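Quick notes on the structure that follows.
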Amino acid sequence: MRTESKLLIRALRREATERTPVWLMRQAGRYLPEYRAVRGQAGGFLEMIRAPELAAEVTLQPVRRFGMDAAILFSDILVPLEAMGMRLIFDEHGPQLPQPIRTRADVDALRLTDPRESMQFVGDALRLVAAGLPADKTLIGFCGAPFTLASYAIEGGTSKSFANLRTLMLRSESTYHALLDKLAEMVARHLEYQVNCGAEVVVLFDTWASQLGRDEYLRSAAPWSRAALGSVRGKVPVIAFAGHADHLVEDLAELPIEGLALDHRTDLPAAFERTKQRVALQGNFDPSLLLGTPESVFAKTQTLLATVEDRPGHVLNLGHGVLKETNPECVGAFVRAAQERRR
Ligand code: CP3
């Protein structure tokens, strides 16, 4: 099937579709026994990402089991930081970057690399997934937005206060700008590489943009998201995600994107009005509702779909990633609710 005819692509173009396309953030993950088996075999998360056969296998697992409309490459937004020379570790506390960026010299030491060399495993995994994916399904690539990558690079991991990030932004603005310039260039290269290797849609994850007020988002984050997307503009549809960012919905919709992913705290019908048909909307089922019974998930998903009515440009997804405690049958019920409802 040609990319243009696929359900997800048509919905992102805001064309009328026979039903709502569906996929889930973190659809490959620890809630699936077949994922845990591969992870055990590989020895760890990064080991799985760096082995194209294993990354492709776990990317395809949920599609095989549930038949959602898209596969998102199994990787992580922090992989390009490693490709730039940062040390990256994943342990039970999540990601750690033990040599964080704090000075201009640290920024200057980051290398802009060619993803064909520094992240060849990403391209290889994408090609394997493309070969194994049913013809009507869409292959999704992704990157972290420069601001969110900067927050990990500067904090050295996940943070509550983002004190190091904010200090650098406020006291060493030129260093902060130099870092964002470099990250935007690496993201642009990584996105273009993924498209060249078969990604038909890309997602830009700006998880921590919600830390910023509107003015600051527009001044300190959005320009670099825009720059990063330059390399794929007009080639494939782009979806932007920023969790917990109801206050940024109008601003995010102004990015050069086709789709905006909303988290479950945003009112979905109202968001269609707020974004004035500029973009398709993705979301926004509360991932913790998947901890209920399959019957309750099916009914609540139907309710969400009913609130959208027959507005064009809706992609069913969660407001954030699948939790590892989720019963796979509840993911099945979520997917079925979209597949069984005609528009
Ligand atoms: O959605 C998918 O299934 C595609 C693969 C994917 C992962 N991470 C796999 C993953 C994608 C698109 C991401 C994006 C990502 N990674 C984001 C942006 C989206 C978001 O969640 O807000 C962020 C902030 C990260 C960084 C990251 N990776 C953190 C903070 C953690 C630890 C917390 C956690 O959820 O476990 C990860 C680990 C991670 N990334 C896992 C997976 C499947 C769990 C790894 C494991 O098996 O132990």
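The values are calculated or read from the model by the stated rules, or taken from the named source; none is laboratory data. Just so you know, these numbers come straight off a predicted model, no measurement behind them. As a convention, Cβ positions derive from the backbone with ideal geometry for all residues, glycine included, and neighbour counts pool all protein chains shown.
Among the residues making up segment 80-90, those that are more than 9 Å from the ligand (Cβ to nearest atom) and either part of a strand (DSSP E or B) or within 18 Å of residue 145 (Cβ to Cβ) (or both) are 80, 81, 82, 83, 84, 86, 88, 89. For beta carbons closer than 6 Å, sequence separation of 6+ or different chains, a first residue in segment 16-40 that is within 23 Å of residue 298 (Cβ to Cβ) and of a type in the set (A, V, I, L, M) and a second that is modelled with pLDDT of 95 or more and in a loop (DSSP other than H, G, I, E, B), the qualifying pairs are 22/68; 22/69; 24/322; 25/321; 28/74.
Candidates in segment 138-172 are the residues that are part of a loop (DSSP other than H, G, I, E, B) and in contact with a Leu (Cβ under 8 Å, 6 or more places away or on another chain); of these, the one that is farthest from the ligand (Cβ to nearest atom) is 156. In this structure, residue 73 does satisfy being at pLDDT 95 or above, within 12 Å of the ligand (Cβ to nearest atom) and within 26 Å of residue 183 (Cα to Cα). Among the residues of segment 185-222, write down those that are under 19 Å from residue 116 (Cβ atoms) and hydrophobic (A, V, I, L, M, F, W, C). 186, 187, 188, 191, 195, 197, 199, 202 - these are the residues of segment 185-222 that are under 19 Å from residue 116 (Cβ atoms) and hydrophobic (A, V, I, L, M, F, W, C). Residues of segment 224-258 that are among the basic types (Lys, Arg) and touching a Cys at 6+ places or on another chain (Cβ under 9 Å): none at all. Counting just the residues of segment 102-120 that are assigned to a loop (DSSP other than H, G, I, E, B) and in contact (Cβ under 8 Å) with a residue 60 or more places away in the chain, which one comes out nearest to residue 198 (Cα to Cα)? The extreme case among them is 119. In the set 170, 191, only one residue is of a type in the set (A, V, I, L, M) and either on the phi > 0 side of the Ramachandran plot or surrounded by fewer than 21 Cβ atoms within 10 Å (Cβ to Cβ) (or both); that residue is 170. Being free of Cβ contacts under 8 Å to residues at least 24 places away in the same chain, basic (Lys, Arg) and farther than 21 Å from residue 209 by Cα holds for only one residue in 300, 235, and it is 300. For segment 5-41, a residue qualifies if it is crowded, with 19+ Cβ neighbours inside 10 Å, within 16 Å of the ligand (Cβ to nearest atom) and outside any loop (DSSP other than H, G, I, E, B), and the qualifying residues are 8, 22, 35, 38.
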